[in-house]
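Everything on this sheet refers to the single structure shown next.
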Amino acid sequence: MRQQIAAANWKMNLTYGQGQELLDRILNENIVLSAHQRAVFAVPFPYLVMAYQRLVSKDNYFAAAQNCSDKKSGAYTGEVSAEMLRSIDVKYCVIGHSERREYFGEQDHTLAAKVELCLENGITPIFCCGEPLSIREVGAQNSFVETQLREAMFHLAEAQFREIVIAYEPIWAIGTGKTATSAQAQEMHAHIREMLGRKFGKPTADNIPILYGGSVKAGNAREIFQQPDVDGGLVGGASLQAEEFITIIRSLK
Ligand code: PGA
């Protein structure tokens with residue numbers, strides 16, 4: 001079975017102590033994940049080592065970064081490289097979140113460089129895509145998402161692409177409480193998978209986890225995750241509450 005992933009995206013929330021407490025509460029549930037299931041915690045950079053130390057002994061639990069630099073190394077004050085993440089054993093990194101694109105001007109070519117650097121360092125990119133409301137309203141979401149994926153990742157070899165995780169996050173559903181319906185999520189996920197199949201071949205496309213993101217919470221996770229092409233979620237707000245995220249992990253197929 002394709003990997004199913006519950007990914008928490010803490011964004012710029014929680015103090016160090018609050019982060020420790022949240023992780024401990026979730027881990028104390030001792031949810032046993034099957035071989036195809038993953039729980040991933042994208043925490044702020046200063047908390048990565050703390051998260052790693054708590055998660056390393058648990059099967060299929062991982063710490064993730066929320067971003068990395070598009071440069072290899074050097075005089076880039078304030079940046080964190082993929083190589084640095086590898087040196088502390090980080091296995092996943094969120095790339096191209098819509099907040100990075102919108103507030104920090106990240107563009108497709110920058111994201112392409114980040115994806116490559118992650119792969120060179122053995123880090124799985126969780127590559128985010130998704131359309132704004134204005135695009136959805138005119139029904140142009142399929143080609144919009146297709147362009148995002150093509151520009152940042154279609155230069156990869158098939159063997160490299162196999163390492164990618166995709167997160168479809170319609171921008172109008174992020175932090176708004178307005179979730180895409182499970183049918184809307186399934187429709188886009190199927191479209192993404194079909195498009196990946198055309199480029200990289202069906203076996204590869206069938207094996208890529210495609211997560212849904214945008215106001216996923218305990219109350220809707222199971223229905224969304226049940227969709228055949230939805231392989232879990234990237235969760236912001238609800239990942240900050242232990243009970244919510246515990247239920248979300250338990251909702252994985
Ligand atoms: P949300 O955020 O769950 O708060 O909508 C999702 C995300 O931005 O990854």
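What residue, among those in region 244-253 that are within 16 Å of the ligand (Cβ to nearest atom) and open to solvent by 40 Å² or more (accessible area, probe 1.4 Å), is nearest to K11 (Cα to Cα)? Out of the qualifying residues, it is E244. Under the condition of being open to solvent by less than 50 Å² (accessible area, probe 1.4 Å) and of a type in the set (A, V, I, L, M), which residue from region 134-153 is nearest to the ligand (Cβ to nearest atom)? Here the residue is V145. Scanning region 230-243 for residues that are crowded, with 20+ Cβ neighbours inside 10 Å and more than 10 Å from the ligand (Cβ to nearest atom) turns up V230, D231, G232.
Give E99, E131, E106 a once-over and let me know the one that is without any contact (Cβ under 8 Å) to a residue 12 or more places away in the chain, within 16 Å of the ligand (Cβ to nearest atom) and within 21 Å of L234 (Cα to Cα). Unique residue meeting the criteria: E106. For region 159-185, which residues satisfy the criterion of being closer than 17 Å to G232 by Cα, of a type in the set (S, T, N, Q) and more than 11 Å from the ligand (Cβ to nearest atom)? Correct list: T181, S182, Q184. Of the residues contained in region 69-80, one or more are found to be assigned to a loop (DSSP other than H, G, I, E, B), in contact with a Phe, Trp or Tyr (Cβ under 7 Å, 6 or more places away or on another chain) and of a type in the set (S, T, N, Q). Among the residues of region 114-133, some residue qualifies, meaning at least one is open to solvent by 60 Å² or more (accessible area, probe 1.4 Å), within 28 Å of H191 (Cβ to Cβ) and under 19 Å from the mean Cα position of the chain (by Cα). Considering (1) assigned to a loop (DSSP other than H, G, I, E, B); (2) open to solvent by 30 Å² or more (accessible area, probe 1.4 Å); (3) in contact with a strand residue (DSSP E or B) (Cβ under 8 Å, 6 or more places away or on another chain), the lone condition that Y52 does not fulfil carries the number (1). Selection over region 196-229 of residues that are within 11 Å of the ligand (Cβ to nearest atom) and either among the hydrophobic types (A, V, I, L, M, F, W, C) or not in a helix (DSSP H, G or I) (or both) gives a count of 8. Scanning region 89-113 for residues that are buried (at least 22 other Cβ atoms within 10 Å of the Cβ), in contact with a Ser or Thr (Cβ under 9 Å, 6 or more places away or on another chain) and more than 13 Å from L149 (Cα to Cα) yields Y92, C93.
Going by the structure shown, is L156 surrounded by fewer than 19 Cβ atoms within 10 Å (Cβ to Cβ) and out of contact with any Lys or Arg (no Cβ under 7 Å at 6 or more places or on another chain)? Here the answer is yes, as L156 does meet what is asked.
The values are calculated or read from the model by the stated rules, or taken from the named source; none is laboratory data. Please read all numbers here as calculations on a predicted model, not as lab measurements. With ideal geometry, Cβ positions are generated from the backbone for all residues, glycine too; neighbour counts draw on all protein chains shown. Please note that ligands, DNA and RNA were not included when accessible areas were found on the heavy atoms of the full protein model with its side chains. Shrake-Rupley method; radii C 1.70, N 1.55, O 1.52, S 1.80 Å.
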